[in-house]
Amino acid sequence: MNSTPGFEGAAIAHDPFTVVNDGGRAPALIICDHASRHIPLEYADLGLSESQLSRHIAWDIGAGEVAGRLAEILDASAVLCGTSRLVVDCNRPFGVDSSIPKTSDGVTVPGNANIDLAERQRRMECFFHPYHDEIDRRIRALQEQHRALALISVHSFTPEMEGFKRPWHVGVLWDQDQRLAAPVIRELRRNRDLLVGENEPYDGTNPPGYALHVHAADNGLPIAVFEIRQDQIETAQGAERWAHILAKALAPVLTAHGAGNGAK
């Protein structure tokens, strides 16, 4: 795994995706749509400053590190997106405004202001589709080997948004299918030091999460979408701690589902 230096540095990868623990034996697949803040040189940082690109608008701070370490603990493979969501958001369907945002949390993105349909399609072909095609390929391969397969998606969220201090340490999102989400929430709540949100700080139905619907629902697969508060995982120590917290909660649930090798 190519790490993100200092949790603020360049990309986890300069390719459309990075695979962690490629030979993972557990029939569970971990994905991270916003693992990287990398913007290809041709886009000249989309006209943004380094201070702006070090913020959450460019990527989910710490999420890629948690996802990669979780893959190793669970002995599952992980696919991490290698491109900033400001170039194209790999958790949004093509055509919605947030797919290639003109603004993000009050910050105008000059490089996205006047792009045409051809450029939008180019970004999808270069960055979006390779990442999701790899996820699709691995889902098909795992389904051929196992009757039970689970998806795990890792994100992070800001401690404060629009003046509201978000109290949750972690949230678990879902839409219609709670097969993984509900028991994982119960396991997380065994730790009384954690404040666990159910469809908080985001709802699994809004905004429309691409992976939750296309990779999970369309394939009939259970999924747990984790949102971890960024101040919990902005350091290497924090990311390591949360990888173990998630692994401890997931291990019995995956075993019950028939998709677990157990945490190492």
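Coordinate-derived values only; no laboratory data. Quantities reported herein were computed from a predicted structural model and do not represent experimental measurements. All Cβ positions, even for glycine, are placed from backbone atoms using ideal geometry, and neighbour counts span all protein chains on display.
What the table below lists for this structure:
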{"read-out": "Label-to-label distance, nm, for residues given as residue 136 and residue 116 (7 Å Cα→Cβ offset)", "value": "2.7"}
{"read-out": "Trypsin sites (Lys or Arg not before Pro) restricted to DSSP loop in the range 137-246 with at most 14 other C-beta within 10 Å", "value": "147, 189, 190, 192"}
{"read-out": "Under-5 Å amide H pairs with residue 195, H placed in peptide plane, nonlocal only", "value": "169, 170"}
{"read-out": "Globularity index of the range 156-206, i.e. its alpha-carbon radius of gyration over 2.2 N^0.38 Å", "value": "1.17"}
{"read-out": "Lys, Arg +1 and Asp, Glu -1 on Cβ, resulting dipole of the chain about Cα centre, debye, nearest 20", "value": "780"}
{"read-out": "The range 195-260: C-alpha gyration tensor shape, a/c 1.5 cut-off, then a/b vs b/c", "value": "oblate"}
{"read-out": "Residue among 139, 178, 219 farthest towards the positive dipole end of the range 5-257, charges placed on Cβ", "value": "178"}
{"read-out": "√(5λ) per eigenvalue of the Cα gyration tensor, the range 39-132, largest first, Å", "value": "25, 16, 11"}
{"read-out": "Unit Cα scatterers, Debye sum, the chain: log10 I(q)/I(0) for q = 0.07, 0.08, 0.12, 0.17 Å⁻¹", "value": "-0.21, -0.28, -0.65, -1.38"}
{"read-out": "Binned Cα-Cα distances of the range 145-264, short to long, each 5 Å bin given as a whole percent", "value": "2, 11, 22, 23, 20, 14, 6, 2, 0, 0"}
{"read-out": "Rounded to 5, percent antiparallel among DSSP beta bridges of the chain", "value": "40"}
